[in-house]
1. State all residues of the range 107-136 that are more than 19 Å from Ile224 (Cβ to Cβ), β-branched (Val, Ile, Thr) and open to solvent by 20 Å² or more (accessible area, probe 1.4 Å); if no residue qualifies, say none.
2. So Cys42 fits all but one of (1) more than 21 Å from the chain's Cα centre (by Cα); (2) modelled with pLDDT of 95 or more; what number is the exception?
3. Among the residues of the range 152-159, is there at least one that is more than 24 Å from Phe86 (Cβ to Cβ), hydroxyl-bearing (Ser, Thr, Tyr) and assigned to a helix (DSSP H, G or I)?
4. Could you grab me the full set of residues in the range 16-40 that are free of Cβ contacts under 8 Å to residues at least 40 places away in the same chain and either surrounded by fewer than 17 Cβ atoms within 10 Å (Cβ to Cβ) or in contact with a Lys or Arg (Cβ under 6 Å, 6 or more places away or on another chain) (or both)?
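The values are calculated or read from the model by the stated rules, or taken from the named source; none is laboratory data. Just so we're clear, the structure is a prediction, and the values are computed from it rather than from any experiment. Cβ: placed from backbone, ideal geometry, glycine included. Neighbour counts: every protein chain shown. All accessible areas refer to the heavy atoms of the entire protein, side chains included, with ligands and DNA or RNA removed. Shrake-Rupley method; radii C 1.70, N 1.55, O 1.52, S 1.80 Å.
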Amino acid sequence: MTLSYMLLFFGIGVALGALFNKIGKHLPNEERVFTKEKCPHCGYQYEWYERVPLLSYFLCFGRCSMCNCKLDRLELFNELATGLLFTFAYYVFGLSYDLLIAWTIISIFMIVIVSDFTYYIISDEVLIGINCILILIYLFKDGLSGMLLHVASGIFLFLVMYAVMIIGNVLLKKESLGGGDIKMMFTFGLILGPIIGLVSIFVSSCIALPVSLIVMYTKKESIIPFGPFLLMSLLLLYFTNIDVNMIINMIRF
């Protein structure tokens, strides 16, 4: 039965990965999400069998059937990664509220990868929708009082990062942090709590620094979106279930 569930959740993840691609690509431009996909080079409207998640890329040999241009590999990555992460989340958490929370984190991660790397935008609609889902999950999981504690943690972490942004703007005399990153801190506090939420910022910086240096050196890019790295640290900390006591013990050691 476990294998059956893993195959089922992999398929669901792949299908949702295709949806997340659409949301990340179209929502920041205020375009309709559920629209027929076109080749960005020649404008050819793909047939339904050319847009089957994951399979179509290989059936079409990674190219548009009309103009033979290369298809976006980011879409393939998102579909495959979403399927694998959904499956791994089930393996780690089983059928539980924690699984639903993990799937929600994966969902926002995949959407932000597309929107932040493509447009340097994290849509407010995505954050609001994700936070509403999380609050509802915590209401059923921990009751009203527990849910309110999670919300309070989210508000606290948001205010801390907002203060950091203001100080950074004054010191640097330019925008120091993106608005989407600040708003996303509410989600981090909601899930991780205030202390581990702050730790996640340090973890994401450790992940982002070497990647950013490599990208800036090889591709001469001066702007690297930070949102995907933040969410990568959120996934890492949530899946490993690191808490304050574990961090204190590591510091003492």
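1. Ile128, Ile133, Ile135
2. Cys42 satisfies all of (1) more than 21 Å from the chain's Cα centre (by Cα); (2) modelled with pLDDT of 95 or more except (2).
3. yes
4. Pass one, the range 16-40, residues free of Cβ contacts under 8 Å to residues at least 40 places away in the same chain: 19, 22, 26, 30-40.
Passing the criteria: Glu30, Glu31, Arg32, Val33, Phe34, Thr35, Lys36, Glu37, Lys38, Pro40.
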